[in-house]
Amino acid sequence: MDIIIEEVRKVFGQSDLQKFVEKLITAYRQGGATAARAVVVEYLREFGINVEN
Amino acid sequence: MWKIDRIELENFRSYRGRHEVVFDRVNLLWGRVGAGKTSLLYAIEYALFGKQLEVREKVAKVVDLINSEAHEMRVALQLSSGSDVLKIERQLNKRGTERLVVTVGGVEYKKREAEETLLQLLEVDEDIYDRLVYISHRTLEGFIYGTSHKRTLSVDRLFGIDVIDNVISRVLTPVMKQLLSHAEDLRSRLANYEKYRDIIRKYDSYEGLVSRLESLSREISELKERESQLSRDLEELAKRRISHIDKIREYEAVLLEYYRVKIELELAGADYVDSDLGKVKNSLKSVVEEFEHFFDPSLLERLNSSDLDTVSIAMVEVYDAIEKLAGDLELQELEMERMYKHYSDKLNKLDSEIADLENVLKKLEKSYSRFRELQKLYPSAAAARLRASELKKRLQEVEREVAFSTSLKTVLTYLAESGSDKCPICGGSLDMEQLSHHLRELGEKFGKVIAEVETLREEVRSVENIAEEMEALQNDVAAYLSARGRVEQLKAERGEVVKKILQAEKALRQLERKKSRLREILERVDKRQISEAVSKYRRALRLRELQRRYRELEIELKKAGISSDVVTVDMQWRSALENLEKVSKRITDLYRELATLENVVREVGGSPESLRKTLENVMYTYEKFQLIKSKLELVKVGARSRLVRATERLFGEIFLDIYRYGDITNVSVDLEQKSGHYQFYAISPTGEKFGISKLSDGQRLSLAVALALALRMMAATKLAFLIFDEPLPYVDREVKSAFVNMVKNLAERYQLFLASQSREFIDMLRESLPAKLFTISKRESSEIS
């Protein structure tokens, strides 16, 4: 039972944003800020935005 | 439930060489700051997960766990659960290559299989381990001493909700700041694009500019190679030239002219003849002669001039005049064609109209002929009417005469038949003989008059019929005559039109002939040919002049004693010098251009379309992140509320288990509506409810630990141990004492590991419960005793 993920699904509904937030939280839990930031960087790259530096 | 039996460390962090530690139920680790207590506890985490918190949060790399003087490390952890034994061994070298072997029930697992086996057996991940197994002073202090907000953060940490704050504050907020800064940068770049618009336009587009920038570097590199080669050549030639320098300087003017002439001759190439000029000129002359009325009379004279410039100008003027004339003829032809078409159309129209009228005439012909026949009797209907009127008048007179004669005859017959000798009307005497005579005469006359009446009646009917018929035919006759007149008029007009058409045809043929002639000339000669012919002729003249001068200069140099070898070397030296200067100048120009373009690329960095698109995306994602942040706050509140409800019962039970003084009979936790902070309450045996501010530090400590243990039980891990790493470093003795009492109770539930630098605290613990003490010290490396 992962209450936070369940709450994310409840608040964000079934959406791309919900998937992204889930990915973000999971990455943070597994690899801290750096891993979560990598998820954000990847998300932004899809919009042609590079914030790596 | 797995407890730790032993651990072996080899070159792990501050531990150099191999160290083996066998653990008991309660294990106390004591040593000064930096001695290696935490490293020993980290080794347990590393053995379980292949990393630990600092590595996970990228504060340190996993290879940093290797002792600084070693190339590889090894950690072997042995756990047991009843009779089951679990051995975990991890080896790591400086290159980051790790070897993992997990042995359980005599079966060995490696790599991924080994990780999966561990997770399956222990049912714990790094996150739960760091929150609920490995408890440090950070967790407890915030709870005991912090404000409501700090306590909430501590509880969030225990609940694992802190991940939301961390995602917001450590990931989203900095990225959003970057996005705003990125947007500002993009706006500035768009403004810079306007600033450099004129420069960019020279290269068609920003992409064109970038492409030029790339080619510029290659071009500069090639030119620099060429510059080096030219410098070497120049140096070599200068060495050869120096021995003749005096002579060269003395005759420098002659030499320079010689070189100039020579180069010009070389560039001129083959010898030129003026035959082209003659041909072109003659063609133009023939046109001027043929169309003399159209040209300026002086042109012919100028074409025959001996001055090349005059001829050249005249040729161009003739050519222009021919072109103009051809254009005029073209216009005239168009006009004539228009006229020809106009008259042709008119002719067609006239023919059509004449044909229509002739059809009308054909239809009216019969009526007209009949009218003409009647006209032979009477010139017009009016004349017939007049004759009819005269005849009617005569008929009336004759009819009156008939009436009189009839009356008279009646009277005479009466008198004759009555035998009376007197007139009954006037009383005069009557002569029968005379009366009979009159009767006879009257009878004769009556018969004639009756015949005349009949004749006149017949005549009147006939004339009236003629008049009626003529009147009926009058309209057709008028139409016939009108049509006939119109036909005659149209035929006359048609004759004129035919004449015009013939004239136009003739004019068109003439214009076509003239045009054809001019076209032939224009096809044969054009301005470029004239210019080339003149230019060739001029070059031929120049060439002859150069050849003459070249021979003169050769003789002069020979007389001066300057050999052809010296001339060649000097010429090559000058040429190399000139080329070098040109190349150097070109390189300078290109560097200047390069600097400008690099500046544009640095300050603009993209086409306006791509910059605008990126700016839109930046603002779009910024707004998305803002939305995520606000929704994550809702997630946090929702998660707090659910976790509070889920842990409430267990929290109370565990608290009463570890806090056995009887002055608190229950505890509860709630969420403050407005701030969303956790509110902890204790309930006294009398049912009184106290907020956390009314509780002692020891009671608060018990609350914190009870909450952690409640969550840990909910997480249902298979670990039977609990680690306190320096749980209360700066607290008073009373709190420590409370903690010691709590630990006594905890020891009944868990295998305990407790690390502290406080000897007093460690001694308090040792006095209260049986525990194994490990003293950690450090000289060159950490040691355990």
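Given B:Ala321, B:Ala314, B:Ala355, which one is in a helix (DSSP H, G or I) and touching a residue at least 24 places away in the same chain (Cβ under 8 Å)?
Working: B:Ala314 fails: touching a residue at least 24 places away in the same chain (Cβ under 8 Å); B:Ala355 fails: touching a residue at least 24 places away in the same chain (Cβ under 8 Å).
Just one listed residue meets the conditions, B:Ala321.
Determine whether the range A:5-24 contains at least one residue that is basic (Lys, Arg), without any contact (Cβ under 8 Å) to a residue 60 or more places away in the chain and more than 20 Å from B:Leu627 (Cβ to Cβ).
no
Can you tell me which of (1) of a type in the set (Asp, Glu); (2) surrounded by fewer than 17 Cβ atoms within 10 Å (Cβ to Cβ); (3) within 14 Å of chain A (Cβ to nearest Cβ) is the one B:Asp156 doesn't meet?
Here B:Asp156 clears every test but (2).
Does the range B:96-110 include one or more residues that are without any contact (Cβ under 8 Å) to a residue 60 or more places away in the chain, open to solvent by 10 Å² or more (accessible area, probe 1.4 Å) and within 14 Å of chain A (Cβ to nearest Cβ)?
No, the range B:96-110 contains no residue that is without any contact (Cβ under 8 Å) to a residue 60 or more places away in the chain, open to solvent by 10 Å² or more (accessible area, probe 1.4 Å) and within 14 Å of chain A (Cβ to nearest Cβ).
Please count how many residues of the range A:21-33 are surrounded by 15 or more Cβ atoms within 10 Å (Cβ to Cβ) and either within 8 Å of chain B (Cβ to nearest Cβ) or at pLDDT below 90 (or both). If you could, list the steps in order and put the result at the bottom.
Filtering the range A:21-33 for residues surrounded by 15 or more Cβ atoms within 10 Å (Cβ to Cβ) gives A:21-29, A:31-33.
Then drop every residue that is not either within 8 Å of chain B (Cβ to nearest Cβ) or at pLDDT below 90 (or both), which leaves A:21, A:24-25, A:28-29, A:31-33.
Number satisfying all stated conditions: 8.
Of the numbered conditions (1) of a type in the set (A, V, I, L, M, F, W, C); (2) open to solvent by 30 Å² or more (accessible area, probe 1.4 Å); (3) farther than 19 Å from B:Val705 by Cβ, B:Val600 satisfies every one except a single condition; which is it?
Condition not satisfied by B:Val600: (2).
Let's see how each residue does on (1) more than 14 Å from chain A (Cβ to nearest Cβ); (2) surrounded by 22 or more Cβ atoms within 10 Å (Cβ to Cβ); (3) in contact with a strand residue (DSSP E or B) (Cβ under 9 Å, 6 or more places away or on another chain):
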position	(1), (2), (3)
B:Ala682	yes, yes, yes
B:Asp697	yes, no, no
B:Val705	yes, yes, yes
B:Ala715	no, no, no
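Starting from the range B:126-137, take each residue that is away from every other protein chain (no Cβ under 12 Å) and list its partners that are open to solvent by 20 Å² or more (accessible area, probe 1.4 Å), counting only C-beta distances under 7 angstrom and pairs at least six apart or across chains.
Correct list of pairs: B:Leu132/B:Ala715; B:Ser136/B:Glu726; B:His137/B:Glu726; B:His137/B:Pro729.
Determine whether A:Arg9 is farther than 27 Å from B:Leu711 by Cβ and either more than 8 Å from every other protein chain (Cβ to nearest Cβ) or part of a helix (DSSP H, G or I) (or both).
Details: farther than 27 Å from B:Leu711 by Cβ: no; either more than 8 Å from every other protein chain (Cβ to nearest Cβ) or part of a helix (DSSP H, G or I) (or both): yes.
Considered against the rule, which asks whether it is farther than 27 Å from B:Leu711 by Cβ and either more than 8 Å from every other protein chain (Cβ to nearest Cβ) or part of a helix (DSSP H, G or I) (or both), A:Arg9 comes out as no.
Residues B:Leu627, B:Leu643: which one is farther than 30 Å from B:Leu223 by Cβ, open to solvent by less than 20 Å² (accessible area, probe 1.4 Å) and in a helix (DSSP H, G or I)?
Values: B:Leu627 fails: open to solvent by less than 20 Å² (accessible area, probe 1.4 Å).
Sole residue among the options that is farther than 30 Å from B:Leu223 by Cβ, open to solvent by less than 20 Å² (accessible area, probe 1.4 Å) and in a helix (DSSP H, G or I): B:Leu643.
Can you report the number of residues in the range B:40-65 which are acidic (Asp, Glu) and at pLDDT 90 or above?
Of the residues in the range B:40-65, the ones acidic (Asp, Glu) are B:45, B:54, B:57, B:64.
So of that shortlist, the ones also at pLDDT 90 or above come out as B:45.
So the count comes out to 1.
Restricting attention to the range B:450-467, which residues are open to solvent by 50 Å² or more (accessible area, probe 1.4 Å), in contact (Cβ under 8 Å) with a residue 24 or more places away in the chain and under 21 Å from B:Ala383 (Cα atoms)?
Taking the range B:450-467 and keeping what is open to solvent by 50 Å² or more (accessible area, probe 1.4 Å), we get B:450-452, B:454-455, B:457-459, B:461-462, B:465.
Okay, now just the ones that are also in contact (Cβ under 8 Å) with a residue 24 or more places away in the chain, so B:450, B:452, B:457, B:459.
Once the filter is applied, which keeps residues that are open to solvent by 50 Å² or more (accessible area, probe 1.4 Å), in contact (Cβ under 8 Å) with a residue 24 or more places away in the chain and under 21 Å from B:Ala383 (Cα atoms), the range B:450-467 yields B:Arg457, B:Glu459.
Scan B:Ser205, B:Ser231 and give me the residue that is polar (S, T, N, Q), touching a helix residue (DSSP H, G or I) at 6+ places or on another chain (Cβ under 8 Å), in contact (Cβ under 8 Å) with a residue 40 or more places away in the chain and more than 14 Å from chain A (Cβ to nearest Cβ). Break it down into steps so the answer makes sense when it comes.
On the way: B:Ser205 fails: touching a helix residue (DSSP H, G or I) at 6+ places or on another chain (Cβ under 8 Å).
After ruling out the rest, the residue left standing is B:Ser231.
Run B:Val637 past the list (1) part of a helix (DSSP H, G or I); (2) β-branched (Val, Ile, Thr); (3) away from chain A (no Cβ under 12 Å); (4) out of contact with any Leu (no Cβ under 7 Å at 6 or more places or on another chain) and report the number of the one that doesn't hold.
Unmet condition: (3).
Test B:Ser389 against the stated conditions and say whether it is at pLDDT 90 or above and within 30 Å of B:Glu488 (Cβ to Cβ).
Numbers: at pLDDT 90 or above: yes; within 30 Å of B:Glu488 (Cβ to Cβ): no.
In short, no.
Rundown of residues vs (1) assigned to a helix (DSSP H, G or I); (2) over 30 Å from B:Gly327 (Cβ atoms); (3) not small (Gly, Ala, Ser), yes/no style:
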position: B:Lys515; (1), (2), (3): yes, no, yes
position: B:Ile521; (1), (2), (3): yes, no, yes
position: B:Ala533; (1), (2), (3): yes, no, no
position: B:Arg544; (1), (2), (3): yes, yes, yes
position: B:Arg551; (1), (2), (3): yes, yes, yes
position: B:Glu554; (1), (2), (3): yes, yes, yes
position: B:Gly561; (1), (2), (3): no, yes, no
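Kindly indicate whether any position in the range B:429-436 is assigned by TED's automatic domain parsing to the domain that holds B:Leu374, in a loop (DSSP other than H, G, I, E, B) and open to solvent by less than 60 Å² (accessible area, probe 1.4 Å). Spell out how you get there, then give the answer.
Step one: list which residues in the range B:429-436 are assigned by TED's automatic domain parsing to the domain that holds B:Leu374, which gives B:429-436.
Next cut, in a loop (DSSP other than H, G, I, E, B) only: B:430-431.
Filter once more, so that each one left must be open to solvent by less than 60 Å² (accessible area, probe 1.4 Å): B:430.
Yes, the range B:429-436 contains a residue that is assigned by TED's automatic domain parsing to the domain that holds B:Leu374, in a loop (DSSP other than H, G, I, E, B) and open to solvent by less than 60 Å² (accessible area, probe 1.4 Å).
Looking only at residues that are at the interface with chain B (Cβ under 7 Å from one of its Cβ atoms) and modelled with pLDDT of 90 or more in the range A:34-46, which one is farthest from B:Tyr622 (Cα to Cα)? Before you say what the answer is, go through the steps one by one.
Residues of the range A:34-46 at the interface with chain B (Cβ under 7 Å from one of its Cβ atoms): A:34, A:36-37, A:40, A:44.
Those left that are additionally modelled with pLDDT of 90 or more: A:36-37, A:40, A:44.
On the way: A:Ala36: 17, A:Arg37: 15, A:Val40: 12, A:Leu44: 10 Å.
Looking at the filtered set, the residue picked out is A:Ala36.
Of the residues B:Ala710, B:Ala738, only one is open to solvent by 20 Å² or more (accessible area, probe 1.4 Å), hydrophobic (A, V, I, L, M, F, W, C) and within 28 Å of B:Glu653 (Cβ to Cβ); which? If you could, list the steps in order and put the result at the bottom.
Values: B:Ala710 fails: open to solvent by 20 Å² or more (accessible area, probe 1.4 Å).
Matching residue, one of B:Ala710, B:Ala738: B:Ala738.
So how many residues does the range B:22-51 have that are buried (at least 18 other Cβ atoms within 10 Å of the Cβ) and part of a strand (DSSP E or B)?
Within the range B:22-51, the first condition is being buried (at least 18 other Cβ atoms within 10 Å of the Cβ), and the residues that meet it are B:23, B:26-31, B:35-51.
Next cut, part of a strand (DSSP E or B) only: B:26-30.
Residues that pass the stated criteria total 5.
Search the range B:399-420 for residues being touching a Ser or Thr at 6+ places or on another chain (Cβ under 9 Å) and open to solvent by less than 90 Å² (accessible area, probe 1.4 Å), and hand back the single one that is nearest to B:Glu433 (Cα to Cα).
So the first thing to find is which residues in the range B:399-420 are touching a Ser or Thr at 6+ places or on another chain (Cβ under 9 Å), and the list is B:412, B:414, B:416.
With the extra rule that they be open to solvent by less than 90 Å² (accessible area, probe 1.4 Å), the set shrinks to B:412, B:416.
Details: B:Leu412: 12, B:Ala416: 9 Å.
For the range B:399-420, the residue satisfying everything is B:Ala416.
Six or more apart or on different chains, Cβ under 9 Å: which pairs go from a residue in the range B:481-508 that's in contact (Cβ under 8 Å) with a residue 60 or more places away in the chain and not assigned by TED's automatic domain parsing to the domain that holds B:Ser367 to one that's of a type in the set (Asp, Glu) and in a helix (DSSP H, G or I)? Could you list them?
Note: no pairs meet the criteria.
Please determine whether any residue of the range B:747-763 is surrounded by fewer than 19 Cβ atoms within 10 Å (Cβ to Cβ), within 24 Å of B:Asn666 (Cβ to Cβ) and touching a helix residue (DSSP H, G or I) at 6+ places or on another chain (Cβ under 6 Å).
Looking through the range B:747-763, none of the residues is surrounded by fewer than 19 Cβ atoms within 10 Å (Cβ to Cβ), within 24 Å of B:Asn666 (Cβ to Cβ) and touching a helix residue (DSSP H, G or I) at 6+ places or on another chain (Cβ under 6 Å).
Here is a check on your reading of the model: is B:Tyr661 outside any helix (DSSP H, G or I), touching a Lys or Arg at 6+ places or on another chain (Cβ under 6 Å) and open to solvent by 50 Å² or more (accessible area, probe 1.4 Å)? Even if it seems obvious, please write down each step before you answer.
Working: outside any helix (DSSP H, G or I): yes; touching a Lys or Arg at 6+ places or on another chain (Cβ under 6 Å): no; open to solvent by 50 Å² or more (accessible area, probe 1.4 Å): yes.
The answer is no for B:Tyr661.
Please indicate, with yes or no, whether at least one residue in the range B:603-623 is of a type in the set (D, E, K, R), away from chain A (no Cβ under 14 Å) and open to solvent by 40 Å² or more (accessible area, probe 1.4 Å).
In the first step, residues of the range B:603-623 are kept if they are of a type in the set (D, E, K, R); the result is B:603, B:609, B:612-613, B:616, B:623.
When the remaining residues are screened for being away from chain A (no Cβ under 14 Å), the result is B:603.
Subsequent filtering for residues that are open to solvent by 40 Å² or more (accessible area, probe 1.4 Å) retains B:603.
Checking the range B:603-623: at least one residue is of a type in the set (D, E, K, R), away from chain A (no Cβ under 14 Å) and open to solvent by 40 Å² or more (accessible area, probe 1.4 Å).
Please go through the range B:692-726 and give me each residue that is β-branched (Val, Ile, Thr) and under 20 Å from B:Tyr42 (Cβ atoms), ordered by number. Don't jump to the end; show me each part of the working.
Step one: list which residues in the range B:692-726 are β-branched (Val, Ile, Thr), which gives B:692, B:705, B:717, B:723.
Within the range B:692-726, B:Thr717, B:Ile723 qualify.
Give just the number: which of (1) modelled with pLDDT of 90 or more; (2) of a type in the set (S, T, N, Q); (3) open to solvent by 80 Å² or more (accessible area, probe 1.4 Å) does B:Ser243 not satisfy?
Condition not satisfied by B:Ser243: (1).
The values are calculated or read from the model by the stated rules, or taken from the named source; none is laboratory data. What you see is a predicted model; the values in this text were computed from it and never measured. With ideal geometry, Cβ positions are generated from the backbone for all residues, glycine too; neighbour counts draw on all protein chains shown. Remember, those area values only see protein heavy atoms, side chains included, never the ligands or the DNA or RNA. Shrake-Rupley method; radii C 1.70, N 1.55, O 1.52, S 1.80 Å.
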